[in-house]
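For reference, the structure discussed in these notes is given below.
Just so it is clear, none of the values below were taken in a lab; they were calculated from the coordinates. A quick note: this is a predicted structure, and the numbers were derived from the prediction, not measured. A quick note on method: Cβ atoms are made from the backbone with ideal geometry, for glycine too, and the neighbour counts reach across all protein chains shown.
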Amino acid sequence: MIVATYNVNGVNGRLSVLLRWLEERRPHVVCLQELKAPQEKFPEIDLAKAGYRAIWHGQKSWNGVAILVRGAAPVEIRRGLSGDPDDLQSRYIEADIAGLTVGCLYVPNGNPAPGPKFDYKLRWFERLTKHARSLVKKETPVLLCGDFNVMPTELDVYKPERWTDDALFRPDVRAAYANLVKQGWTDSVRHLRPDERIYTFWDYFRNAYARDAGLRIDHLLLNPALAPALKSCGVDRHVRGWEKTSDHAPVWIELAAPRRAAGTRKR
DNA sequence: ATGCCGTGGAAACCACGA
């Protein structure tokens, strides 16, 4: 099955692009970020017509995350991360999809750094890392994916020297990402393509897409129970070239059908 | 080097994104 993550940058403004891509790629599971829509304005009907059922955590104007499943309903496990009752931003939602746990996240941007926004990013990352610790050790498959707003290494930036002081690439934020991954997660795309320059985001201006001045900031992490199922991956970068498109491209992985121990039954 | 583009919401500009 195909599982994808896609920062849509406005789920209503990009609806035609999203529907076109869903029809083309036909992913089974899709994690969306930056809905930029309040809870009641999520395009539930249009997505249902396209064959997808969804859970989502909306927010007026900004943020917002959703999980779509083709032909089945995701079962919500949680929304939001514990550790800060004052945090009202919609950046995390988690679902059970027939035994697969999927966490969909949108890490704060953090710029300008240093500053309160960067502090919020690092604190949010700490809360994510704490929650991820309980997910990674599950004996059932877990996928943690979304817009991490971190380029993990120099291979993930078109011009690393330009980004050293940026909230997406500072040493402390890269360390936060590395610290999360070393819990035992597999960075799917980097695992399959260890030496390749791969980007998932290109700025709208400075002709960034045409120049291939991109960043790899959208990641799909697998826990040890799921990692052996990883078969292939890709970035649908052509979608970034469509009219009225997001500044991110969809990223997907192909997973082998879940294996079940003899004698066990689904549900 | 830089929000130069783009979105949503409110207000006829602003906050925000990476």
Before we move on, is A:Arg123 in contact (Cβ under 8 Å) with a residue 12 or more places away in the chain, over 18 Å from A:Leu220 (Cα atoms) and either touching a Ser or Thr at 6+ places or on another chain (Cβ under 7 Å) or not polar (S, T, N, Q) (or both)? yes
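Yes/no per residue for (1) aliphatic (A, V, I, L, M); (2) more than 11 Å from DNA strand B (Cβ to nearest atom); (3) assigned to a helix (DSSP H, G or I):
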site	(1), (2), (3)
A:Ala175	yes, yes, yes
A:Leu180	yes, yes, yes
A:Gly184	no, yes, no
A:Phe205	no, no, no
Just wondering, is there one or more residues in region A:146-168 that are away from DNA strand B (no atom under 16 Å from the Cβ), of a type in the set (Val, Ile, Thr), within 22 Å of A:Ala66 (Cα to Cα) and under 15 Å from the mean Cα position of the chain (by Cα)? no
Whichever residue in region A:21-74 is at positive phi and within 14 Å of DNA strand B (Cβ to nearest atom) and, among such residues, is farthest from the chain's Cα centre (by Cα): A:Ser61
The correct count of residues that are touching a helix residue (DSSP H, G or I) at 6+ places or on another chain (Cβ under 8 Å) and more than 14 Å from DNA strand B (Cβ to nearest atom) in region A:207-226 is 5
Any idea which residue in region A:85-107 is surrounded by the most Cβ atoms within 10 Å (Cβ to Cβ), counting only those that are charged (D, E, K, R) and within 16 Å of DNA strand B (Cβ to nearest atom)? A:Arg91
Could you list all residues from region A:108-127 that are surrounded by fewer than 23 Cβ atoms within 10 Å (Cβ to Cβ) and either among the hydrophobic types (A, V, I, L, M, F, W, C) or in contact with an Asp or Glu (Cβ under 6 Å, 6 or more places away or on another chain) (or both)? A:Ala113, A:Phe118, A:Leu122
